[in-house]
Amino acid sequence: MSKVRVRFAPSPTGPLHLGGVRTALYDYLFAKNQGGDFVLRIEDTDTARYVEGAEEYIMEALEWCGIIPDESPKHGGKFAPYRQSERRGIYDKYLAGILKTDYAYLAFDTTEELDEIRKEFEQNGDVFAYNYITRNRLKNSLTLSEEEVKNLLDQKVPYVVRFKMPVDRILNLEDIIRGKTSVNTNTLDDKVLVKNDGMPTYHFANIIDDHEMEITHVIRGEEWLPSLGLHYLLYEAMGWERPEFAHLSLILKPEGKGKLSKRDGDKFGFPVFPLNFKDPETGNISKGYRDEGYLPDAFINMVALLGWSPANDREILTLEEMVKEFDLHKVHKAGARFNKEKAEWFNHEYLKSKSDAEVLALLKEVDGINLTNSGDEKLLKVISLMKERATFAKDIYSEGKFFFEAPVSYDEKAVKKAWNAETAAVMNQFADTLHSVDVFEPSELKQAIHDFAENKGLGMGKVMMPLRLTLVGELKGPDVPDILQILGKEESIIRIKNAVNNIH
Ligand code: GLU
């Protein structure tokens, strides 16, 4: 059998949606599982929909995810160029070929003429399609004489090339995920293969490139399923062996109905793109997972499980483990519902499993926080204490800000709950006790608090709660002895005194 070759073929019409990332990931996983090649091809023949920066975005996103192509516009390869706009000569050659067959014809109808007919159909309650019936009354090389066609061509009248859909044939289609389906060719229209500017459309360029690049498996989104019949026939027309096909179901909205959209992301507060994307026209920024603080390995793990179940319901898998396990037959036929909490859970799990030093490196990269005043030793202690409860590295700072900055105010509700007329005196006495704690370690500190409370005839809470308030400014955070230890004796005593002077 020939070497497995799978391509991801995005059009640079905007940032890569979560669904696109998943397609690329499954393409990659399948290719690597089979010991094959993963190819990135940029399908940019539709110049009207081209978006500046989208191609760079796609490449950067794949790189961030660790989905590295063996061949691409950037990596080069045996079948270069990998950008369709640079392959025009190849398409022209095959166009000449298909025009010699009975599978294609020239159509000279103008947009205005087609609009006119469309209206006519609408008035009769019908929908117009350029198909095996209507083509017989339209302006094309099937209805015009050879002479007329030649004249139009000599006059340089613009034309498109259309596929001549065979009549009355049942096509038996096969999809690795969905199994067998069939379609009657009479329900399909005569798609444009080459536009009047000479550029091929998606359908034509796509099958030519898949053939030329020796692609063995086409794994793509289900929105291309309706084109499968046409693609089968294009392979037939060209006399080529076709690749195998697998169409992936949609990623659904959190509530389960309909395709996950950017609007859902905005509404529920999660990104639908891997990286931030700035729209070159509006300047609007769409949020990305990377910029929200997701780890790339957590992100792709989450994406992989949107529609695929590894054996034994395993959930945490590295890219290498996914490659080993991936099986297209285990990809779900039904759409996968996106779940924000689950996405966060993945990040939490990956963050937790990183070493404190790794998390420190991540924390230092977080925008908008300044850690220059804290030594690494203290930061590592904070990380080890806070990592377990953080979803993102940035949470360690936001949830543990009090480690770096003394409280400047005290939460009102907390004061009501934890402070009364006697508390200031109790805290002052406790500050004295702290002075004499020699070994400033959590177990010793816990004991000291305990002994102090017992001496004073107070419950533990009566000491612990106000103490926490003096150190944190509110009643949250990890265990008080842990906080005391990280802050150190001097800083802890300063904070207690400050609170005593400022809480009334
Ligand atoms: N250019 C198409 C897209 O952007 C590729 C579809 C395919 O994989 O055949 O979705």
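Condition (residue is part of a loop (DSSP other than H, G, I, E, B), more than 19 Å from the chain's Cα centre (by Cα), within 19 Å of residue 17 (Cα to Cα) and not β-branched (Val, Ile, Thr)) applied to the stretch 59-69: is it met by at least one residue?
No, there is no match, as no residue in the stretch 59-69 is part of a loop (DSSP other than H, G, I, E, B), more than 19 Å from the chain's Cα centre (by Cα), within 19 Å of residue 17 (Cα to Cα) and not β-branched (Val, Ile, Thr).
Give the stretch 274-301 a look and list any residue that's surrounded by 18 or more Cβ atoms within 10 Å (Cβ to Cβ) and among the aliphatic types (A, V, I, L, M), or say none.
Those that are surrounded by 18 or more Cβ atoms within 10 Å (Cβ to Cβ) and among the aliphatic types (A, V, I, L, M): 275, 295, 298, 300.
To keep it simple, each residue is scored yes or no on (1) at pLDDT 95 or above; (2) within 10 Å of the ligand (Cβ to nearest atom); (3) of a type in the set (A, V, I, L, M, F, W, C).
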{"residue": "4", "(1), (2), (3)": "yes, no, yes"}
{"residue": "8", "(1), (2), (3)": "yes, yes, yes"}
{"residue": "12", "(1), (2), (3)": "yes, yes, no"}
{"residue": "30", "(1), (2), (3)": "yes, no, yes"}
{"residue": "35", "(1), (2), (3)": "yes, no, no"}
{"residue": "41", "(1), (2), (3)": "yes, yes, no"}
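For (1) β-branched (Val, Ile, Thr); (2) within 16 Å of residue 418 (Cα to Cα), each residue gets a yes or a no:
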position	(1), (2)
455	no, no
459	no, yes
467	no, yes
473	no, yes
480	yes, yes
483	yes, no
489	no, no
494	yes, no
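What do you reckon, is residue 117 closer than 18 Å to residue 240 by Cβ, of a type in the set (A, V, I, L, M) and surrounded by 14 or more Cβ atoms within 10 Å (Cβ to Cβ)?
The answer is no for residue 117.
With within 18 Å of residue 382 (Cα to Cα) and in contact with a helix residue (DSSP H, G or I) (Cβ under 6 Å, 6 or more places away or on another chain) as the only criterion, which of 463, 472, 500 stands out?
472
Among the residues of the stretch 206-220, write down those that are within 12 Å of the ligand (Cβ to nearest atom) and either free of Cβ contacts under 8 Å to residues at least 40 places away in the same chain or in a strand (DSSP E or B) (or both).
Passing the criteria: 207, 217, 218, 219, 220.
For the stretch 42-52, state whether one or more residues are surrounded by 23 or more Cβ atoms within 10 Å (Cβ to Cβ) and either touching a residue at least 60 places away in the same chain (Cβ under 8 Å) or small (Gly, Ala, Ser) (or both).
Yes, the conditions are met somewhere in the stretch 42-52.
So for the stretch 235-247 (the condition being under 19 Å from the mean Cα position of the chain (by Cα), crowded, with 19+ Cβ neighbours inside 10 Å and not in a helix (DSSP H, G or I)), does at least one residue qualify?
yes
To keep it simple, each residue is scored yes or no on (1) of a type in the set (S, T, N, Q); (2) over 30 Å from the mean Cα position of the chain (by Cα); (3) within 9 Å of the ligand (Cβ to nearest atom).
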| position | (1), (2), (3) |
| --- | --- |
| 185 | yes, yes, no |
| 191 | no, yes, no |
| 204 | no, no, no |
| 222 | no, no, no |
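Being more than 49 Å from the chain's Cα centre (by Cα) and in a helix (DSSP H, G or I) is true for just one of 451, 438, 482. Which residue is that?
Answer to the selection: 451.
How about the stretch 454-477: which of its residues are part of a helix (DSSP H, G or I) and of a type in the set (Asp, Glu)?
Within the stretch 454-477, 454 is the sole residue that qualifies.
Can you name the strands (runs of 3 or more DSSP E) wholly within the stretch 85-188 that have at least 2 residues being at positive phi?
No strands (runs of 3 or more DSSP E) qualify here.
Of the residues 207, 215, 177, 170, which is farther than 22 Å from residue 90 by Cα and surrounded by 18 or more Cβ atoms within 10 Å (Cβ to Cβ)?
Going through 207, 215, 177, 170 in turn, just one is farther than 22 Å from residue 90 by Cα and surrounded by 18 or more Cβ atoms within 10 Å (Cβ to Cβ): 177.
Return the pair list, or none, for Cβ contacts closer than 8 Å from residues in the stretch 108-121 that are under 18 Å from residue 195 (Cβ atoms) to residues that are assigned to a helix (DSSP H, G or I), at least 6 apart or on different chains.
Partner pairs satisfying both residue conditions: 108/152.
Condition check: in contact with a strand residue (DSSP E or B) (Cβ under 8 Å, 6 or more places away or on another chain), closer than 20 Å to residue 8 by Cβ and free of Cβ contacts under 8 Å to residues at least 60 places away in the same chain. Does residue 243 satisfy that?
Yes, satisfied.
Failed condition for residue 69, given (1) at pLDDT below 95; (2) touching a His at 6+ places or on another chain (Cβ under 8 Å), with all others met?
The failed condition is (1).
The values are calculated or read from the model by the stated rules, or taken from the named source; none is laboratory data. Every value quoted in this text rests on a predicted model; they were computed, and no experiment measured them. As a convention, Cβ positions derive from the backbone with ideal geometry for all residues, glycine included, and neighbour counts pool all protein chains shown.
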